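Notes follow once the structure below has been shown.
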Amino acid sequence: MSAPSPDEPAPRTRGRTLDHAAAVYDLLAPVMTLGQEGRYRKLAIRLLNPQGGDRVLDVGCGTGILTRQIARRLAGAGACAVGLDAAPKMIAVARRRAASLPHLRFDVGVAEALAYGDASFDGAVSTFFFHHIDADLKRRSLAELLRVLKPGGKLIIVDVDVPSNWFGRLCAWSGYWLFKQEEIRENIRGELRRALADTPFREVSRVAHFSGYVTVFQAVK
Ligand SMILES: C[S@@+](CC[C@H](N)C(=O)[O-])C[C@H]1O[C@@H](n2cnc3c(N)ncnc32)[C@H](O)[C@@H]1O
């Protein structure tokens with residue numbers, strides 16, 4: 001794991017980064033996800049099934065809770081859970097909490113231009129990241145995820161999606177109006193689904209849907 005460097009510069013991105021919320025993010029997230037985030041993470045890990053010497057990328061990792069949970073399942077040479085976020089303060093929190101956990105690294109960087117080699121990860125995951133980037137960045141980030149995954153590698157995405165009932169519509173549109181976040185509206189209108197369907201990823205499916213507005217997507221390179 002790299003040494004904490006709170007002064008690491010923020011990379012340029014149009015994504016909505018959360019440097020300003022890093023200190024309180026873990027208190028706010030359960031409110032935003034109606035206390036369901038533990039279930040989403042559990043399912044994401046079950047679907048990814050990280051093990052042994054796998055290398056797994058968590059994009060838009062925030063304070064790195066899911067990245068740490070993945071790292072705990074890894075063992076052996078080459079194993080690594082890598083958490084990436086464009087907000088240096090989020091990464092600083094993630095690094096502090098990582099303490100001495102092995103097989104774990106946190107990088108400051110942007111999903112739309114990943115600084116990793118082709119076919120360098122066995123699996124990739126992102127939870128509640130895609131509603132922080134616009135339609136063009138969604139497509140560029142998916143292309144990058146495809147590039148860095150090994151053939152057969154799995155991608156799991158958990159995010160705001162097209163609402164399927166009145167409760168989901170209420171939650172999703174409240175999120176949009178609260179933050180006036182166009183990227184949320186794009187997800188509500190199906191942009192993430194379309195972007196994923198337009199990639200060369202295979203076996204793209206929606207494996208679960210929660211609270212009428214959160215979908216768990218699965219795709220294979
Ligand atoms: C809502 S948080 C999700 C954090 C975590 N995955 C979770 O489920 O709690 C979205 C994260 O995406 C990050 N982000 C925004 N634009 C980004 C970009 N272009 N590349 C990487 N991360 C970005 C933000 O800084 C923020 O930490």
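The values are calculated or read from the model by the stated rules, or taken from the named source; none is laboratory data. Note that this is a predicted model, so its numbers are computed, not measured. As a convention, Cβ positions derive from the backbone with ideal geometry for all residues, glycine included, and neighbour counts pool all protein chains shown.
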If we ask which residues in the stretch 34-61 are part of a loop (DSSP other than H, G, I, E, B) and within 19 Å of Leu155 (Cβ to Cβ), their number turns out to be 6
Residue hits (the stretch 126-164; more than 15 Å from the ligand (Cβ to nearest atom), β-branched (Val, Ile, Thr) and touching a helix residue (DSSP H, G or I) at 6+ places or on another chain (Cβ under 6 Å)) are none
Out of the residues in the stretch 9-33 that are at pLDDT 85 or above, part of a loop (DSSP other than H, G, I, E, B) and of a type outside the set (Gly, Ala, Ser), state the one that is nearest to Phe130 (Cα to Cα).
-> Arg16
The correct count of residues that are outside any strand (DSSP E or B) and under 16 Å from the mean Cα position of the chain (by Cα) in the stretch 191-221 is 4
May I ask you to list the residues in the stretch 6-48 that are among the β-branched types (Val, Ile, Thr) and surrounded by fewer than 17 Cβ atoms within 10 Å (Cβ to Cβ)?
-> Val24, Val31
Which listed residue, of Leu84, Leu57, Leu66, Leu48, is within 25 Å of Ala135 (Cβ to Cβ), in contact (Cβ under 8 Å) with a residue 60 or more places away in the chain and either near the ligand (Cβ under 9 Å from one of its atoms) or touching a Lys or Arg at 6+ places or on another chain (Cβ under 9 Å) (or both) | Leu66
Hey, any hits in the stretch 168-182 for a residue that's in contact with a helix residue (DSSP H, G or I) (Cβ under 9 Å, 6 or more places away or on another chain), assigned to a loop (DSSP other than H, G, I, E, B) and surrounded by 19 or more Cβ atoms within 10 Å (Cβ to Cβ)?
-> no
Looking at (1) touching a strand residue (DSSP E or B) at 6+ places or on another chain (Cβ under 8 Å); (2) at pLDDT below 95, which is the only condition Phe179 fails?
-> (1)
(1) farther than 22 Å from Arg41 by Cβ; (2) assigned to a helix (DSSP H, G or I); (3) polar (S, T, N, Q) all hold for Asn187 apart from (1)
Ala99 being on the phi < 0 side of the Ramachandran plot and either out of contact with any Leu (no Cβ under 9 Å at 6 or more places or on another chain) or within 12 Å of the ligand (Cβ to nearest atom) (or both) = no
